[in-house]
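Enquirer: What follows is a single structure, and I will ask about it in a moment.
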Amino acid sequence: MTGKPGIIPLLSAMAAVLLAGCVSQSPVLDRKFGSAVESAKATQTLDPNAGRSAGPVNGIDGPSAASAMERYRDSFKNPPPAVNVFNVGVGSTTNGQ
């Protein structure tokens with residue numbers, strides 16, 4: 001290797017560049033973990049300070065809200081029957097027999 005003195009530094013530089021591609025990107029990804037969820041929540045929240053306000057909620061009146069809550073509570077006392085999706089249409093005929 002006496003005739004090509006620059007080959008060893010060149011190979012060393014190429015090896016360093018190739019190995020740099022194997023370095024983990026985890027610290028960069030960990031720093032941004034959850035930012036998409038937080039961004040989505042922020043864009044879907046109408047009033048972030050609503051819990052600190054004693055004002056009425058816009059969009060539903062008292063009787064409607066009470067009725068909705070009553071139906072919600074009753075759904076736990078008398079749950080609707082379970083539907084077995086694997087049996088839908090089994091045994092029925094299409095020609096009326």
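Enquirer: Can you tell me which of Glu38, Glu70 is modelled with pLDDT of 75 or more, under 24 Å from the mean Cα position of the chain (by Cα) and of a type in the set (Asp, Glu)? Full working, then the answer.
Expert: Working: Glu70 fails: under 24 Å from the mean Cα position of the chain (by Cα).
The match here is Glu38.
Enquirer: Is one or more of the residues making up the stretch 1-20 at pLDDT below 75, over 20 Å from the mean Cα position of the chain (by Cα) and of a type in the set (D, E, K, R)?
Expert: yes
The values are calculated or read from the model by the stated rules, or taken from the named source; none is laboratory data. These figures come from a predicted structure and were not determined experimentally.
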